[in-house]
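Down below is the structure, laid out as structure tokens.
The values are calculated or read from the model by the stated rules, or taken from the named source; none is laboratory data. Bear in mind the structure is a predicted one, so any value in this text is a computation, not a measurement. Backbone-built Cβ (ideal geometry, glycine too); neighbour counts: all protein chains shown.
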Amino acid sequence: MPERVVGRMISAKRRNQGLRATVAAIVFACSTLAVCAGLSIAQKEERRHEIDRLEDAWRSAVLSSNTKALDALLADDYMAITPSGTIQTKDDTLQGFRTGRFHIASLTVSDRKVRFYGTTAVVTSLAEMQGSAAGNPVSGSFRYTRVYVRNAQGQWKIVSFEASQISDSEPHKR
């Protein structure tokens, strides 16, 4: 076959793959929106209240180092990125609270925003915290993102968490 014909066939194949990927993305986006769009205002509010209750349960669990409650909240494949950039698994997190390596003495959460994407909830908040990690004092203002996914049993589980410390020179934007 002449090179021009082969080149056109490859280009057509790539366009078709790109078109298929675009169509798949649109179908996924529409189905995700349909899940949320099909909910009544009351159902949307109930979802929001569910996540608010889970956030309050998480706060209570970390303040009391309640590893049983934390274990129930965290997905098995949970992954956290700490303000220092280290990665923690579910086991790392539970072990840290179990041994006292992580201790949170006070935690005030504000500016909570909850957004839904199908069976995923993304929470962003501002936290004022005092505590310790590995024997070193930790305190200050932090912005965090926590991601919940509703599993096949209909339970919301925390799958991801990331926190960043706000420097003292930065104003708190609320």
For region 83-98, state whether one or more residues are at pLDDT 60 or above and of a type in the set (A, V, I, L, M).
yes
Does E128 qualify as being acidic (D, E), under 20 Å from A69 (Cα atoms), in contact with a strand residue (DSSP E or B) (Cβ under 8 Å, 6 or more places away or on another chain) and surrounded by 13 or more Cβ atoms within 10 Å (Cβ to Cβ)?
no
Based on this model, can you work out whether R112 counts as part of a helix (DSSP H, G or I), surrounded by fewer than 18 Cβ atoms within 10 Å (Cβ to Cβ) and among the charged types (D, E, K, R)?
no
When G85 is evaluated against the numbered criteria (1) part of a helix (DSSP H, G or I); (2) farther than 23 Å from Q155 by Cβ, which criterion, by number, is the only one it fails?
(1)
Picked from region 52-61 (must be under 16 Å from S110 (Cβ atoms) and surrounded by 17 or more Cβ atoms within 10 Å (Cβ to Cβ)), the residue nearest to the chain's Cα centre (by Cα) is E55
Contacts under 8 angstrom Cβ, first residue in region 47-60 being in contact (Cβ under 8 Å) with a residue 40 or more places away in the chain, partner assigned to a helix (DSSP H, G or I) and surrounded by 15 or more Cβ atoms within 10 Å (Cβ to Cβ), 6 or more apart:
L54/L73; W58/L70; W58/L73
